[in-house]
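Peer 1: One structure coming up, written as structure tokens, with questions to follow.
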Amino acid sequence: MEQKNKISGIYIGLLGLVTLACGLADIFVWAGINPGFQVGILEIAGDDFFRWAWGGFIMVCAGLFMIAGSRNALSLQQFAKVTLGGVLVWVIAGTDIFARICENIPAGEEAPEFLNSLSGFIGGFAPPYPPAVILLPFTLVILYLLYTQAYDTE
Amino acid sequence: MVLSTDSRWEVVDRIARRTVAYGTYKRTLGDVLGELTVKPLTGIPVAVAALFAFWSIFCSFAGALVTDGFMVKLFDSHWLPWLQSVWPDPASWHYFVFVGDPLADNCFEAFGVLTSGLFVSIGVVLPAILIFYLMMTVLEDSGYLPRLAVLVDSVLHRIGLHGYAIVPMILGLGCNVPAVTATRILETRKQRFIMMTLLAIFIPCGAQLGVMLEVIPDMIGLVFLCLIGGFCLFGYILNKVIPGENPEILVDVPPYHWPIRENVVKKMWNRTKSFLKEAVPFVLFGVLLVNLLYLGGVIQALAAFFEPLFVTWFGVPKETVGPLIAGFLRKDLAIAQLSVIPMTAYQMFASVVLISIYFPCVATFVIMLREGWKELCAALAVLFVVVFVYGGLIHAIGILLGVA
């Protein structure tokens, strides 16, 4: 249990740091400190207050929650903070994915048909992705710990 | 048979032994999460995230998917051209009333009962209302709404309300009619009056939000900022001016749980049904009435009469008089009408704020009347003062910033 607690703590702490950095990057790019960037499959456009400044603030909070919960991470109180951090990342990533689904179902203004083709729909999910979507698979570890009840229930 | 006291206690003990289970209470993760979401340090970021999700899903579903993705194409590329081709005599009055402008190439600009009227009510407002009520019900049934009430309690006390005022406020973002009814959960007449007045003035309904999303997507943030600013400012003033009490409340916070699908569907259906019954006829009747008033020259005369007030005091074109009259029937309709009036970005912003804070729509008006004619008259008096002062203030700020 001690070993598992330590490993989980290190993982969650690192995830928190990366999430915090991503949130700050979202806000800085929106504020114009960097005019938007793309590295590999990661993209921060920073063109919209709602998505990048507001969403960035939520990512910053998610990172802080995870860092705050990383010490003795599998105790009930601490794991609740980690879960809350994970939920915030899922909110941002979930809304990003939902927005892509909604944009890719219709065929587009110029096309005569109403529904997009299957290839067009799938093509809409091609990279680049915002940081929250890239972080999503890494936060699934929290979901695993949640479902296996790896945290201390006493 | 008469039992002695000892015998009675013996019976009580026997029943208790068979029915009561003793044990130690174990806190669950749900309990701790529940506590974290009402503490300001952790609860405020969660509330900010909930609002983010609310708005993002609203825009993606109502804006990108249903309205822009399907309804615009259906109405502009199929319904409007078909109607224009089959309706006889484009120069006639009935063409103007039911189809609208014969040269229009989209339903927003045509402004006929069967073009703009149907497009606004079915194509824009219905998807907005559906997704709004779905999310509202999920928040309610999951147990998050009472936590939000606890979280905002101290803030709302500053404007004479308490945490549960968040319920009519959020309901008002869907439709002001159930929101005015929901003000009954507030304890005192003072609180109910403040909430009702602020709802009528500063809370835009879901229909209005849906149309704003279509007409001024880039300015919605700014409009909201103005409405929130006005809500806090005039709430504070009303709290100071109106006599009465602001009692504290005890909120029973239920544990978090998954919403039950049947309940969600039932609630959504009931809310959407009553909205459809009230809104669609009002939108169609609103377009009809405004078109008749245009045909009779009434709108043009009113525009000329109010020109000094609108142009000099509010800084908006005199043509906004027409949408303001339509705004009494449906505010969403009024904003749709604004989209075809040529004006600068600032004027569009100021006009949308004016329509939002101006007279409540007729359905809200009727419900407010049901709550008491004295309250309604007082709310209207406040409303006229607020529109005049706040509208002028926004214009003054615009002049100072050099944008008006």
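Peer 1: Output the number of the condition that residue A:125 fails; it satisfies all remaining conditions of (1) surrounded by 13 or more Cβ atoms within 10 Å (Cβ to Cβ); (2) more than 11 Å from chain B (Cβ to nearest Cβ); (3) in contact (Cβ under 8 Å) with a residue 24 or more places away in the chain; (4) among the aromatic types (Phe, Trp, Tyr).
Peer 2: It fails just one condition, (1).
Peer 1: Can you go through B:127, B:102 and tell me which one is under 18 Å from the mean Cα position of the chain (by Cα), at pLDDT 85 or above and within 30 Å of residue B:82 (Cα to Cα)? Lay out the reasoning, then the answer.
Peer 2: Working: B:102 fails: under 18 Å from the mean Cα position of the chain (by Cα).
Exactly one of B:127, B:102 is under 18 Å from the mean Cα position of the chain (by Cα), at pLDDT 85 or above and within 30 Å of residue B:82 (Cα to Cα), namely B:127.
Peer 1: Could you say which residue among A:94, A:86, A:55, A:46 is on the phi > 0 side of the Ramachandran plot and of a type outside the set (D, E, K, R)?
Peer 2: Among A:94, A:86, A:55, A:46, only A:46 is on the phi > 0 side of the Ramachandran plot and of a type outside the set (D, E, K, R).
Peer 1: Hand me the list of helices (runs of 4 or more DSSP H) wholly inside segment B:38-156 holding 2 or more residues that are touching an Asp or Glu at 6+ places or on another chain (Cβ under 7 Å) and free of Cβ contacts under 8 Å to residues at least 40 places away in the same chain. Talk me through it step by step, then tell me what you get.
Peer 2: On the way: elements: B:40-58, B:80-86, B:93-98, B:107-110, B:126-142.
Per the criteria, B:107-110.
Peer 1: From the list B:80, B:65, which residue is crowded, with 19+ Cβ neighbours inside 10 Å, within 30 Å of residue A:102 (Cα to Cα) and more than 14 Å from every other protein chain (Cβ to nearest Cβ)?
Peer 2: Numbers: B:65 fails: more than 14 Å from every other protein chain (Cβ to nearest Cβ).
After ruling out the rest, the residue left standing is B:80.
Peer 1: Could you tell me which residue of segment B:14-37 is farthest from residue B:146 (Cα to Cα), considering only residues that are at the interface with chain A (Cβ under 7 Å from one of its Cβ atoms) and without any contact (Cβ under 8 Å) to a residue 40 or more places away in the chain?
Peer 2: The initial filter retains those residues of segment B:14-37 that are at the interface with chain A (Cβ under 7 Å from one of its Cβ atoms), namely B:26-27, B:29, B:32-33, B:36.
Then keep just the ones that are without any contact (Cβ under 8 Å) to a residue 40 or more places away in the chain; that gives B:26-27, B:29, B:32, B:36.
Values: B:26: 23, B:27: 20, B:29: 18, B:32: 16, B:36: 14 Å.
Only one residue fits best here, namely B:26.
Peer 1: Suppose we filter A:69, A:32, A:108, A:46 for residues that are among the small types (Gly, Ala, Ser), in contact (Cβ under 8 Å) with a residue 24 or more places away in the chain and either buried (at least 16 other Cβ atoms within 10 Å of the Cβ) or closer than 29 Å to residue B:221 by Cα (or both); which single one remains?
Peer 2: Details: A:32 fails: in contact (Cβ under 8 Å) with a residue 24 or more places away in the chain; A:108 fails: in contact (Cβ under 8 Å) with a residue 24 or more places away in the chain; A:46 fails: in contact (Cβ under 8 Å) with a residue 24 or more places away in the chain.
Step by step, each of A:69, A:32, A:108, A:46 is checked, and only A:69 is among the small types (Gly, Ala, Ser), in contact (Cβ under 8 Å) with a residue 24 or more places away in the chain and either buried (at least 16 other Cβ atoms within 10 Å of the Cβ) or closer than 29 Å to residue B:221 by Cα (or both).
Peer 1: Out of segment B:294-327, which residues are crowded, with 17+ Cβ neighbours inside 10 Å and among the aromatic types (Phe, Trp, Tyr)?
Peer 2: So in segment B:294-327, the residues crowded, with 17+ Cβ neighbours inside 10 Å come out as B:299, B:303, B:310, B:314-327.
If the condition is that a residue be crowded, with 17+ Cβ neighbours inside 10 Å and among the aromatic types (Phe, Trp, Tyr), then B:310, B:314 are the ones that fit.
Peer 1: All but one of (1) within 29 Å of residue B:59 (Cα to Cα); (2) touching a residue at least 60 places away in the same chain (Cβ under 8 Å); (3) surrounded by fewer than 17 Cβ atoms within 10 Å (Cβ to Cβ); (4) of a type outside the set (Asp, Glu) hold for residue A:89; which doesn't?
Peer 2: (3)
Peer 1: Still on this model: Of the numbered conditions (1) assigned to a helix (DSSP H, G or I); (2) small (Gly, Ala, Ser); (3) surrounded by fewer than 17 Cβ atoms within 10 Å (Cβ to Cβ), residue B:21 satisfies every one except a single condition; which is it?
Peer 2: With respect to (1) assigned to a helix (DSSP H, G or I); (2) small (Gly, Ala, Ser); (3) surrounded by fewer than 17 Cβ atoms within 10 Å (Cβ to Cβ), residue B:21 is out only on (1).
Peer 1: Oh, and also: Picking from B:273, B:240, B:277, B:267, which residue would you name as being within 26 Å of residue B:124 (Cα to Cα), assigned to a helix (DSSP H, G or I) and modelled with pLDDT of 85 or more?
Peer 2: Numbers: B:273 fails: modelled with pLDDT of 85 or more; B:240 fails: within 26 Å of residue B:124 (Cα to Cα); B:277 fails: modelled with pLDDT of 85 or more.
Only one candidate passes the filter, namely B:267.
Peer 1: Of all residues being of a type in the set (Asp, Glu) and free of Cβ contacts under 8 Å to residues at least 60 places away in the same chain in segment B:229-269, which is surrounded by the fewest Cβ atoms within 10 Å (Cβ to Cβ)? Just the residue, please.
Peer 2: By that ranking, first place goes to B:262.
Peer 1: Hey, another quick one. If you go through segment A:128-140 one residue at a time, do you hit one that is at the interface with chain B (Cβ under 8 Å from one of its Cβ atoms) and assigned to a loop (DSSP other than H, G, I, E, B)? Outline the logic, then answer.
Peer 2: Start the filter on segment A:128-140 by keeping residues that are at the interface with chain B (Cβ under 8 Å from one of its Cβ atoms), which leaves none.
Within segment A:128-140, none of the residues are at the interface with chain B (Cβ under 8 Å from one of its Cβ atoms) and assigned to a loop (DSSP other than H, G, I, E, B).
Peer 1: Next question, about the same structure. Sort through A:58, A:67, A:92, A:101 and tell me the only one that's more than 10 Å from chain B (Cβ to nearest Cβ) and either outside any loop (DSSP other than H, G, I, E, B) or within 30 Å of residue A:1 (Cα to Cα) (or both).
Peer 2: The match here is A:67.
Peer 1: Another one. For residue A:46, indicate whether it is in a loop (DSSP other than H, G, I, E, B), out of contact with any Cys (no Cβ under 6 Å at 6 or more places or on another chain) and away from chain B (no Cβ under 14 Å). Break it down stepwise before answering.
Peer 2: Working: in a loop (DSSP other than H, G, I, E, B): yes; out of contact with any Cys (no Cβ under 6 Å at 6 or more places or on another chain): yes; away from chain B (no Cβ under 14 Å): yes.
In short, yes.
Peer 1: Can you tell me which residue among B:100, B:69 is of a type outside the set (Phe, Trp, Tyr) and touching a strand residue (DSSP E or B) at 6+ places or on another chain (Cβ under 7 Å)?
Peer 2: The conditions single out B:69.
Peer 1: Quick one: residue A:27 ticks every box in (1) at negative phi; (2) within 10 Å of chain B (Cβ to nearest Cβ) except a single one, so which number is it?
Peer 2: All conditions are met except number (2).
Peer 1: Just one of (1) within 9 Å of chain B (Cβ to nearest Cβ); (2) in a helix (DSSP H, G or I); (3) of a type in the set (S, T, N, Q); (4) free of Cβ contacts under 8 Å to residues at least 40 places away in the same chain trips up residue A:149, so point out which.
Peer 2: Among (1) within 9 Å of chain B (Cβ to nearest Cβ); (2) in a helix (DSSP H, G or I); (3) of a type in the set (S, T, N, Q); (4) free of Cβ contacts under 8 Å to residues at least 40 places away in the same chain, the lone unmet condition for residue A:149 is (2).
Peer 1: Residue B:166: in contact (Cβ under 8 Å) with a residue 12 or more places away in the chain, buried (at least 19 other Cβ atoms within 10 Å of the Cβ) and over 24 Å from residue B:283 (Cα atoms), yes or no?
Peer 2: Numbers: in contact (Cβ under 8 Å) with a residue 12 or more places away in the chain: yes; buried (at least 19 other Cβ atoms within 10 Å of the Cβ): yes; over 24 Å from residue B:283 (Cα atoms): yes.
Taking the combined requirement at face value, the residue satisfies it.
Peer 1: Separate question: Among the numbered criteria (1) within 19 Å of residue B:360 (Cα to Cα); (2) among the polar types (S, T, N, Q); (3) modelled with pLDDT under 85, which one does residue B:246 miss?
Peer 2: Failed condition: (1).
Peer 1: Taking segment A:70-86 as the search range and keeping residues that are assigned to a loop (DSSP other than H, G, I, E, B) and hydrophobic (A, V, I, L, M, F, W, C), which one is nearest to the other protein chains (Cβ to nearest Cβ)?
Peer 2: First pass over segment A:70-86, keeping only residues assigned to a loop (DSSP other than H, G, I, E, B): A:70-75.
Filter again for hydrophobic (A, V, I, L, M, F, W, C), leaving A:73-74.
Details: A:73: 13, A:74: 11 Å.
Checking each candidate, the answer is A:74.
The values are calculated or read from the model by the stated rules, or taken from the named source; none is laboratory data. Keep in mind that what you see is a predicted model, and the values were worked out from it rather than measured. Please note: Cβ atoms are built from the backbone with ideal geometry, for glycine as well, and neighbour counts cover all protein chains shown.
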